[in-house]
Structure formats: C-alpha cells, structure tokens
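The values are calculated or read from the model by the stated rules, or taken from the named source; none is laboratory data. Model, not experiment: these values are computed from the prediction. Methodologically, a virtual Cβ is constructed for each residue, glycine included, from the backbone with ideal geometry; neighbour enumeration extends over all protein chains shown.
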Amino acid sequence: MVAGGGSSPQRAARRTPWTPADVRDKPGPLTDSRFFEQSVVSPLRYPGAKRQLTPVIENMIRANVPPPRLFVEPFCGGATTALHMAGRGIVDHVILADADPLVAAFWYVAAFDTSWLIGAMHAEPVTLDRWDWWRLAEPRSRRDKAMKCLFLNRTTFSGILHGRAGPIGGRAQASPYKIDCRFGKAGLERRLKAVGDLAATGRILDVWNLDWRETFQRLMQEYAHLSLDELAVYLDPPYVEKAPYLYEWSFESDQHEALARELAQATNFRWLLSYDDNETIRTLYAHVPGVTRLSIPHRYTAAGSEKRSVRSELLVTNYPDLPPESRSQVI
Ligand SMILES: C[S@@+](CC[C@H](N)C(=O)[O-])C[C@H]1O[C@@H](n2cnc3c(N)ncnc32)[C@H](O)[C@@H]1O
C-alpha cells in the first residue's frame, strides 16, 4: 500500500481502486482525521440515512475483538456508516456498493477522481434550468453520472434522485428555501476531499455498481482469503413500506425473503442488517440460529413538523457478542 504509507499527510490522489491483497495492509494517516469527528460527513443527503444507528453498529463491532479488516456496505446510498467506520479507524478498509448506477458512479468518482468532481461542482450553476437539464440527462460517462447524482441529490426534495420528487423550493421558488439551499459548495468541497483522502490512504478500497447478490459473489471470489471475523457486511436495504417511492432500485417482498435466506446461510462473514422496525422483517429472522434481533428506539423530527417523535430500528446480526448497553434491546 504505497500511496497510503509514509508520515507526510500530503499525498497524491489515488486514481484507481486498491487490490484485494491491499486489505492486509494498514492504511496511512488521514490529512484531517478531526473531520470525521462531526456527525455529518457524507456529501449525499439520503432518505433513511443511518446516522443514529451508526454508534450502535460501532459499539457492536468494538464488542467483538479483533475488528474486521474489511467492512462492506452493499446498499451504500449515502454511505454514512462506512465513512464513519473508515474515517474514525474503527475498521481499516471499506468497500461501497449500490445497484443504482448514479449512486455507484458518484462514490467511485468522489473516491478516485475527486479533483475533477470538485471542479465540476464549482463550475455548475445551481438553478432551476440546470435542475430540468439534469433531470432529463442520460449521462453515459461515469463522471457525468456522478455529477448528475450530486446535483439532483442536493437540489431535489428529500434528496430523491428518481421519480416524481420536485426541486427544493418548488417550481415557483417562492419558499424561503430555494433550490441551492443545500448546495453550499465550500462545505461540499470539504466532504468530497475527505472521501478522496479515505481512498488515497487505502481506507476506501473499491466502489462497485452491483446488485447485493453480485456483491456477495464478488466478495466470496476476491476476498475468500479473509476469515469469518475479518469480513463484516452492513446491509441497509430499502424500507419495506416506503421503498418504491424513494428509490429507483427498490425491493419487493420476495427480495427481502431472498436476502434473509442468504444471510441465514452465511458462515464466512459477520453481518449486520437494519430496517425500520416492522413485523414482517421481525418474523423473517425470528428462528435463525446464531442470529440476534434488537429493537433500537431513536428520536427524529418528521419533515414539516417541529415535534420530536420516537420510532424504532430493527438491527439483526450474527455477531456473537453484544455491547452491554444493547443487551436490554434484544427481542
Ligand atoms: C436505505 S438506502 C441506504 C441508505 C444508506 N444506509 C445511508 O445511510 O445513506 C438503500 C439503497 O439500496 C440501493 N438498492 C436498492 N436495491 C438494491 C439492490 N438490489 N442491490 C443493491 N443496492 C440496492 C438503493 O439504490 C439505495 O441507495
């Protein structure tokens, strides 16, 4: 792992993914590790982003020693959890994957072509005309797909990339929140640079545009040299109820069942799975040997409301040891 080594925090950007053999090496020092102490590190806004669950996942990983060498997010979306784990050194390496070609292109370019994306972002006027243009655009190159993802994610209601969601501020732009209110370029540049730094130091090893099954297959082919405790997979699939509205690549109920079958048989990696707590998913994992289900309450503020409400996330895992504070949450 040459680019990540050495004591100088200034290093060349990494233009290509790392290889499976690099998973054995320690990553180099980050240019600005304090950046990852803040709670919002992702350049993408994501419906259902798992910021509140991330500390629970972190504690689960810390409770099981040694930590995994590789942490993989096959439904990465805004990649909140993987960025946190890699940026804070909870795990050495991460791989991001998503079936949505725009999302996967975004992470690939943000990681391995960071300067280009920062330049393109600064050159982009954040206007309603450009929103209409990007909405209709069918980019072929990875760079343009990445820019389409970033632009629409930061300017569309709830960060939704596909479907019928409109621009922030509406077509009339009459609201105090205009189309560019979530497009602070200086802040986005800092977040993009942090992603580039994770890749340059060998923390982000690779980014894959694959369906979750293909991600599993590729992991089993390329990372077969890792043992059970060296590989952890965190899965945050589209929600059972809301998914068809939020994501282009959403899940039907047979896919939730297929995922449950696959995970019930997984003997060569650790996994953690999160959902909005609901009876269908509770039942799917109810009698799987070696699997623990936890119901984790979290506070949130619903869009358009000032009131804080509480709802629960379901976390399912085959990790054997639970942190003490999670034991009362087992169902
Ligand atoms: C709930 S979001 C993930 C949010 C993410 N954990 C975060 O914190 O931002 C689900 C993601 O799964 C992706 N997805 C949907 N179907 C998929 C599939 N079959 N394989 C892989 N990814 C898929 C969607 O494109 C979306 O980005």
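Candidates Arg143, Arg154, Arg130: the one that is of a type in the set (D, E, K, R), touching an Asp or Glu at 6+ places or on another chain (Cβ under 9 Å) and closer than 22 Å to Thr81 by Cα is Arg154. Counting residues in region 147-163 that are in contact with a Lys or Arg (Cβ under 9 Å, 6 or more places away or on another chain), among the aromatic types (Phe, Trp, Tyr) and part of a helix (DSSP H, G or I) gives one or more.
For region 173-204, a residue qualifies if it is in a loop (DSSP other than H, G, I, E, B) and touching a residue at least 40 places away in the same chain (Cβ under 8 Å), and the qualifying residues are Gln173, Ile179, Asp180, Arg182, Phe183, Thr201, Gly202, Arg203.
Evaluated against (1) without any contact (Cβ under 8 Å) to a residue 24 or more places away in the chain; (2) of a type in the set (A, V, I, L, M, F, W, C); (3) surrounded by fewer than 19 Cβ atoms within 10 Å (Cβ to Cβ), Ile168 falls short on exactly one condition, (3). The lone criterion from (1) of a type outside the set (D, E, K, R); (2) within 19 Å of Leu198 (Cβ to Cβ); (3) assigned to a loop (DSSP other than H, G, I, E, B) left unmet by Ala82 is number (3).
One line per residue, one yes/no per condition, for (1) at positive phi; (2) surrounded by fewer than 20 Cβ atoms within 10 Å (Cβ to Cβ); (3) within 13 Å of the ligand (Cβ to nearest atom):
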position: Tyr46; (1), (2), (3): no, no, yes
position: Gln52; (1), (2), (3): no, yes, yes
position: Ile57; (1), (2), (3): no, no, yes
position: Val65; (1), (2), (3): no, yes, no
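Close Cβ contacts (under 6 Å, 6 or more residues apart or on different chains) running from residues in region 220-247 that are more than 9 Å from the ligand (Cβ to nearest atom) to residues that are modelled with pLDDT under 95 comprise Leu228/Asn268; Val240/Asn278; Val240/Thr280; Pro244/Ser250. Note on region 205-217: residues that are outside any loop (DSSP other than H, G, I, E, B) and within 9 Å of the ligand (Cβ to nearest atom) total 4.
Could you say whether any residue in region 86-93 is touching a residue at least 60 places away in the same chain (Cβ under 8 Å), in a loop (DSSP other than H, G, I, E, B), touching a Leu at 6+ places or on another chain (Cβ under 8 Å) and under 16 Å from Pro17 (Cα atoms)? The answer is yes, given that some residue of region 86-93 is touching a residue at least 60 places away in the same chain (Cβ under 8 Å), in a loop (DSSP other than H, G, I, E, B), touching a Leu at 6+ places or on another chain (Cβ under 8 Å) and under 16 Å from Pro17 (Cα atoms). Flag set for Val103, criterion: at negative phi and either crowded, with 22+ Cβ neighbours inside 10 Å or touching a Cys at 6+ places or on another chain (Cβ under 7 Å) (or both). Are any of the residues in region 88-109 of a type in the set (D, E, K, R) and closer than 30 Å to Leu136 by Cβ? Taking every residue of region 88-109 in turn, at least one turns out to be of a type in the set (D, E, K, R) and closer than 30 Å to Leu136 by Cβ. Just one of (1) in contact (Cβ under 8 Å) with a residue 60 or more places away in the chain; (2) in contact with a strand residue (DSSP E or B) (Cβ under 9 Å, 6 or more places away or on another chain) fails for Trp131. It is (1). Considering region 77-99, the residues that are more than 10 Å from the chain's Cα centre (by Cα) and among the charged types (D, E, K, R) include one that is farthest from the ligand (Cβ to nearest atom), namely Asp92.
Per the conditions (1) more than 16 Å from the ligand (Cβ to nearest atom); (2) more than 23 Å from Asp211 (Cα to Cα); (3) at pLDDT 95 or above; (4) charged (D, E, K, R), the sole criterion not satisfied by Arg69 is (2).
Right, Gly170: part of a loop (DSSP other than H, G, I, E, B) and touching a Pro at 6+ places or on another chain (Cβ under 8 Å) or not? Judged against the criteria, Gly170 is not a match.
Please tell me if Phe251 is modelled with pLDDT of 95 or more and surrounded by 10 or more Cβ atoms within 10 Å (Cβ to Cβ). No, not satisfied.
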